[in-house]
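Where a number appears in this text, it was derived from the coordinates with a stated rule and is not lab data. Computed from a predicted model, the values in this text were never measured in an experiment. With ideal geometry, Cβ positions are generated from the backbone for all residues, glycine too; neighbour counts draw on all protein chains shown.
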Amino acid sequence: MKKRRIFEQGHARKLLVVVDETPEVEVALYYAAGRALHAGGRVSLLYVIEPENQFWDSVRQAQLDEQTNKARALFRLFRRKLNNAGYDKVGTDEVIREGKLVDAILQQIEEDEDVAVLVLGASTETAGPGPLVSSLGTGATAGKFPIPITIVPGDLTLEQIQALA
């Protein structure tokens, strides 16, 4: 693992949030923005396009184009939500990667030496905290993960998140 450079001149601490369409993304986003605001850091938004078995290049390219447009729309939506919640001064980075979710997260952490914390929102569903939280936050990977993972309870209100961040 590369050395984190967040405390060197010209570098800023980044909190990584994996963006998708699940409701728990918002609590992770607000918490990360609050922490970034207090610590003088940034929020790095990561959207992962997971591969599908496509045999024709034209179909695969159409799928990539569609997912890329979806990612950009989600980035715009979440930036508006941050602005409306009073986090308009927090800088964001937007990254789109293709690959398996956990591999893409690890690749982003490896390539961006300013990423200091992965922030995940936990689902409030009775089935569990969500597949990403289960695999990264509590599974065998948790003890070997290259940076700290913060798991934000999915049922917190914006006011509670602002108080905690």
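For segment 86-102, take each phi angle, set θ = phi - 60°, evaluate the Karplus expression 6.51 cos²θ - 1.76 cosθ + 1.60, and give the result in whole Hz per residue in order, putting x for glycine and proline.
x, 9, 5, 8, 7, x, 10, 10, 10, 10, 10, 10, 10, x, 6, 3, 5
Starting from the 7 Å offset along Cα-to-Cβ, what nm value, one decimal, do you get for the label separation of Thr22 and Arg80?
With each label point 7 Å from Cα toward Cβ, the separation is 2.4 nm.
In debye, nearest 20, what is the charge dipole magnitude of segment 14-164 about its Cα centre with +1 on Lys and Arg Cβ and -1 on Asp and Glu Cβ, if you could check? Show your work: numbers first, answer last.
Numbers: 14 positive and 22 negative charges, 84 e Å.
Magnitude of the dipole: close to 400 debye.
Quick one: Kirkwood hydrodynamic radius for segment 32-105, alpha-carbon pairs, angstrom, one decimal?
With all distinct Cα pairs of segment 32-105 included, I get 13.8 Å.
Using modelled amide H (1.01 Å from N, peptide plane; none on Pro or chain starts), what sits under 5 Å from the amide H of Glu98, excluding residues fewer than 5 places away?
Ile49
So for the pair Asp103, Lys144, with labels modelled 7 Å out along Cα→Cβ, what separation do we get in nm?
Distance between label points: 1.6 nm.
What number comes out for the charge environment of Thr124, summing +1 per Lys or Arg and -1 per Asp or Glu over other residues with Cβ under 10 Å away?
Summing Lys/Arg as +1 and Asp/Glu as -1 gives -3.
Restricting to DSSP loop positions (anything but H, G, I, E, B) with no more than 14 other Cβ atoms inside 10 Å of their own Cβ, which trypsin sites (Lys or Arg not before Pro) remain in segment 51-102?
Sites meeting the loop and neighbour criteria: Lys89, Lys100.
Along each principal axis of its Cα atoms, how long is segment 14-164 end to end? Whole angstroms, biggest number first, please.
Taking max minus min along each principal axis of the Cα atoms, segment 14-164 gives 50, 35, 34 Å.
So between Thr157 and Arg60, what do we pick up on full extension, going 0.36 nm a residue minus the alpha carbon distance?
Residue separation times 0.36 nm, minus the Cα-Cα distance, leaves 31.0 nm.
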